[in-house]
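I have placed the structure first, in the form of structure tokens, so that the comments after it can refer back to it.
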Amino acid sequence: MAVDVILGLQWGDEGKGKIVDYLADKYDLVCRFQGGPNAGHTIKIDGNKYVLHTIPSGIFRPEITNVIGNGVVLDPITMVKEMTVLENAGIDFLPRLLVSRKAHLIVPTHRYLDAASEAAKGLGKIGSTLKGIGPAYMDKTGRNGIRVGDLSAADFKTRYQIIREKHLGLIKLYPDIDFDLAAEEEKFFESVEIIKKLRFVNSEYFVNNALTEGKKILAEGAQGSMLDIDFGTYPYVTSSNTISAGVCSGLGIAPNKIRDVIGIAKAYCTRVGSGPFPTELLDETGEKLRQVGKEFGATTGRPRRCGWIDIPQLLYTIMLNGVTQVIITKLDVLDTFEEISVATAYKYDQMISEELPYDIVGKPIEPQYSTYAGWFESLDDVTDYNDLPLKSKEYIHQLEKWLKTKISMVSTGPEREKLFAR
Ligand code: GDP
Ligand code: IMO
Ligand code: MG
């Protein structure tokens, strides 16, 4: 059987967690393929809200096996915190949560380095979540990393000491920052003992055997395509391939096994952290989107930057990912807007273009907008796509035309049940 992918088409926080949780019951396995605890995937079920950082969003479906793939970077400390939340909620996840032996570990000095490096950048900072993601992937590609499988090695502590000393040498290059390394290391080693209770697997074999047995796999992306290390707004990006190509390297799945690529986009657009955002609204409309959309980071609590939906940006990420269908989330947030704008092209260098320029960082871009009338009606009680206000359906229809891609579902609230097929 095939692998379907759910990933974010903007700068993250598109509502991937909610959609993965909803669609998970059509699959046997849900697998994270990249990123780490920089992700914050929110799921609302029966009035309870959960935020997952490393654990796949299929974990609330009792029949489903969840795999943390080799492309993920895993911090034992945050992982244990997530496990505790699930335990307290009475979710029996232990037998259903598998971790790739090849996933790299985030150690406390990765976070220390992340914080020191960001502090040194001053105004040029990336706005990292400071979870140690960049330094952990640097050690992976630099061939210095330690992996989940190494936790069982007799010389794990020695390997840890080597990487720690290397980091402490690097940290001297940066200005001094506060970081209680001793306390973090104590938590780290306590957490390591707890995560050793999880089932570590050779996940590339596990997922490929599952495919051979006819099982269905859903790959869950983290971050968004505009944060991809190669194709995002570099250097204001994360450190992994967030696009569909990352599924192959992050799980050991061959490209010809990928079937549907489901791209998630908000009905508007947000970004958290620094970097270009052509349609950003710095006025009261942006503030209204932030307040109504409750646009505050699920991982860091930071206010998210808000703006209108951006068609050139979405066409770019639809192209990069081979998106076969789009799901639009947070349509309800636009309920009280008199007019809704859609950026359909960019103006830069005295020309109109639908292409994102190479030098998008620092280049003034003037988005060209089309404006649609709002529907001025609450979507709260809607239980079927056909019952949505006409103007909201018209908005979706227009988006579909601009995106030249099927919009298969629309989400109208954070709750699991507020998702309608078209
Ligand atoms: P993710 O990182 O892509 O999983 O998204 P986040 O969880 O970081 O952010 C999405 C936020 O929007 C969360 O607070 C969700 O509960 C919420 N959300 C998801 N879908 C909808 C929707 O259709 N309407 C509204 N109002 N909120 C939504
Ligand atoms: P989910 O999976 C939104 C952003 C950070 C920062 C940049 C680099 O919840 O959509 P990093 O910590 O990776 O060094 O940060 O990427 N970022 C996210 N923004 N959603 C996320 O994940 C993000 N993960 C990282 O804000 O600008
Ligand atoms: Mg998020």
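The values are calculated or read from the model by the stated rules, or taken from the named source; none is laboratory data. Computed from a predicted structure; not experimentally measured. Here Cβ is always computed from backbone atoms with ideal geometry, including for glycine, and neighbour counts include all displayed protein chains. Heads up: the accessible areas ignore ligands, DNA and RNA and are worked out on the full protein's heavy atoms, side chains in. Shrake-Rupley method; radii C 1.70, N 1.55, O 1.52, S 1.80 Å.
Highest mean first, what order results for 63-70, 90-97 on Cβ atoms within 10 Å?
By packing density, highest mean first, the sequence is 63-70, 90-97.
Would you please report the Å³ per residue occupied by the convex hull of the alpha carbon atoms in region 214-361?
Convex hull volume per residue, Cα atoms: 137 Å³.
In square angstrom, what is the accessible area per residue of the chain with a 1.4 angstrom probe?
That works out to 42 Å² per residue.
Can you pick out the pairs among Lys81/Lys418; Lys18/Lys197; Lys216/Lys288; Lys18/Lys406 whose Cα atoms lie more than 30 Å from each other?
Lys216/Lys288, as the Cα separations exceed 30 Å there.
Set the Förster distance to 30 Å, then compute FRET efficiency between Glu63 and Glu185 from the Cβ-Cβ distance, nearest 0.05.
After rounding, the FRET efficiency stands at 0.20.
Using only Cα atoms, figure out Rg for region 55-120 and give it as a multiple of 2.2 N^0.38 Å.
Rg over 2.2 N^0.38 Å, computed on Cα atoms: 1.32.
Which is farthest toward the positive dipole end of the chain among Gly149, Gly90, Gly301, measuring Cα position about the Cα centre, with Cβ charges +1 (Lys, Arg) and -1 (Asp, Glu)?
Projecting each Cα onto the dipole axis, the largest value belongs to Gly149.
Just the number, please: carbon plus sulfur as a percent of the accessible area of the chain, 1.4 Å probe, no ligands or DNA/RNA counted.
Here it works out to 51 percent.
Which residue fluctuates most in the GNM of the chain (Cα springs below 10 Å): Gly275, Gly124, Gly286?
Top of the fluctuation ranking is Gly124.
Who wins for biggest fluctuation among Arg305, Arg32, Arg159 in a Gaussian network model of the chain, springs between alpha carbons below 10 Å?
Highest fluctuation of the listed residues: Arg159.
Counting only DSSP beta bridges with both residues in the chain, what percent are antiparallel, rounded to the nearest 5?
In the chain, DSSP labels about 40 percent of beta bridges as antiparallel.
Rank Glu355, Glu184 by accessible area, highest first, at a 1.4 Å probe radius?
Heavy-atom accessible area, descending, gives Glu355, Glu184.
Once you put a point 7 Å from the Cα of Ser370 and another 7 Å from the Cα of Lys216, both along the Cβ direction, what distance in nm separates them?
3.4
Output the direction-averaged projected area (hull surface divided by four) of the convex hull of the alpha-carbon atoms of the chain, in nm².
Taking the Cα atoms of the chain, their convex hull projects to 20.2 nm² on average.
What pairs in Lys102/Lys266; Lys140/Lys172; Lys121/Lys404 have C-alpha atoms more than 30 Å from each other?
Lys102/Lys266; Lys121/Lys404
Relative contact order for the chain: what is it in percent, counting Cα pairs under 8 Å that are at least 6 residues apart?
Dividing the mean separation by the residue count of the chain yields 20 percent.
Ignoring solvent entirely, what values of log10 I(q)/I(0) come out of the Debye formula for region 115-199 at 0.11, 0.19, 0.23, 0.25 Å⁻¹ when each Cα is a single scatterer?
-0.36, -1.04, -1.39, -1.51
Work out how far the C-alpha atoms of region 175-287 reach from end to end along every principal axis, then list the three figures in whole Å, largest first.
54, 46, 24
Considering every Cα-Cα pair within region 241-300, what fraction, in whole percent, is farther apart than 14 Å?
Counting every Cα pair in region 241-300, those more than 14 Å apart make up 69 percent.
Could you work out [θ]222 nm for the chain from helices alone, using -39500 (n - 2.57) per DSSP H run of at least four and dividing by all its residues? Round to the nearest 500 deg cm²/dmol.
Helix contribution divided over all residues of the chain: -9000 deg cm²/dmol.
From the alpha carbon gyration tensor of region 29-152, can you work out the equivalent ellipsoid semi-axes (sqrt of 5 times each eigenvalue) and give them in Å, largest to smallest?
Value: 27, 18, 11 Å, ordered largest first.
Considering only DSSP beta bridges where both residues belong to region 31-133, give the percentage that are antiparallel (nearest 5).
Approximately 40 percent, going by the DSSP bridge assignments.
Springs between alpha-carbon atoms under 10 Å, Gaussian network over the chain: tell me which of Asp387, Asp332, Asp230 tops the mean-square fluctuations.
Asp387
Need one number: nm distance between label points at Glu339 and Leu123, each 7 Å from Cα along Cα→Cβ, rounded to one decimal.
My value for the distance between the label points is 3.3 nm.
Rounded to two decimals, what is Rg over Rh for region 1-83 when you use alpha-carbon atoms and the Kirkwood radius?
We get a ratio of 0.93 for region 1-83.
I'd like the FRET efficiency for Arg143 and Lys391, computed as 1/(1 + (r/R0)^6) with the beta carbon distance as r and R0 of 60 Å, rounded to 0.05.
That gives a FRET efficiency of 0.60.
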